[in-house]
Amino acid sequence: MSHPADTPRPPYWAVIFSSRRSGSDGDYDATAARMLELAEAQPGFLGIESTRGGADGITVSYWESEEAIAAFRELFEHRVAQRRGRESWYAAYTLRVARVERAYDFARDAGAAPPGPGSPVRVLRDYDAAFADPPRFAAGDTVRVERRESEWDGWLWIERGDGPGAYAPEDFLEHDGERGTLRRDYDPRELSVSAGERLHARELAAGWAWCRRDRDGAEGWVPLDYVEHAGRDT
């Protein structure tokens, strides 16, 4: 499950989306990432929490007002994604909208909790991207696979044809020995960051987070060891 969202003091609003996937993925992951990007840019968005076990999942997004929820619902790209969900991605879903009147927190060690999708993070120390302009991969691409020595567990070196290669999370691949197929679109870009910068974690994979930098919107992978969960500015 993603890290609990950093919401303000109540009252605010929650949109609770419980779903059962149909097994038809298509471009679901890319669309879900785009919907998160749109939500984060929407006035009144407060945060999001999401978890999935097998086909069943639940996502809760938080908003300042019913008007903010309605404005996001009416975005053209969101309406297209809703239609795609009914046509292809979901076997069933339930949407609930509720006003949050009270909220309580507990954390045994708040600093140890990893960020999750939509979580704000703060950079602890400088990190320089190891690879410049790595190749991007598309779902279904066939690649050569190599398990190289690395300080990061769960990553494989992949190459497509005679072109350059990149490291990829093992979970993003179906592979058997030296050959593999990408399960999803994959962008290996890393993000060079400086201590103190604020980012938003978009996705977690094998000890890294795909992040977007607040000040300029640049995106890429950053090691989780280099960031910590950050509360919202007050």
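Only the coordinates and a few stated rules stand behind these numbers; no lab work does. The structure displayed is predicted, hence computed values, not measured ones. Cβ atoms come from the backbone with ideal geometry, glycine included; neighbour counts cover every protein chain shown.
Evaluation of GLU37 against the conditions (1) of a type outside the set (Phe, Trp, Tyr); (2) surrounded by 13 or more Cβ atoms within 10 Å (Cβ to Cβ); (3) outside any helix (DSSP H, G or I) shows that the sole unmet condition is (3).
In the set ASP29, ASP25, which member is among the acidic types (Asp, Glu) and in a loop (DSSP other than H, G, I, E, B)? Spell out how you get there, then give the answer.
On the way: ASP29 fails: in a loop (DSSP other than H, G, I, E, B).
Going through ASP29, ASP25 in turn, just one is among the acidic types (Asp, Glu) and in a loop (DSSP other than H, G, I, E, B): ASP25.
Residue under question is LEU191, and the condition is that it be under 21 Å from GLU37 (Cβ atoms) and either touching a residue at least 12 places away in the same chain (Cβ under 8 Å) or buried (at least 16 other Cβ atoms within 10 Å of the Cβ) (or both); does it hold? When the stated conditions are applied, LEU191 passes them. Exactly one residue out of ALA209, ALA205, ALA230, ALA201 is in contact (Cβ under 8 Å) with a residue 12 or more places away in the chain, closer than 18 Å to LEU36 by Cβ, touching a Cys at 6+ places or on another chain (Cβ under 7 Å) and small (Gly, Ala, Ser), and it is ALA201.
Here the condition is being over 28 Å from VAL227 (Cα atoms) and either in a loop (DSSP other than H, G, I, E, B) or touching a residue at least 60 places away in the same chain (Cβ under 8 Å) (or both); of GLY196, GLY180, GLY161, it holds for GLY161 alone.
Each residue in the stretch 50-93 was checked for being of a type in the set (Phe, Trp, Tyr), assigned to a helix (DSSP H, G or I) and within 20 Å of the chain's Cα centre (by Cα), and 2 of them qualify.
Looking at the structure I just gave you, is ALA206 of a type in the set (A, V, I, L, M, F, W, C), more than 25 Å from SER50 (Cα to Cα) and surrounded by 12 or more Cβ atoms within 10 Å (Cβ to Cβ)?
On the way: of a type in the set (A, V, I, L, M, F, W, C): yes; more than 25 Å from SER50 (Cα to Cα): no; surrounded by 12 or more Cβ atoms within 10 Å (Cβ to Cβ): yes.
Considered against the rule, which asks whether it is of a type in the set (A, V, I, L, M, F, W, C), more than 25 Å from SER50 (Cα to Cα) and surrounded by 12 or more Cβ atoms within 10 Å (Cβ to Cβ), ALA206 comes out as no.
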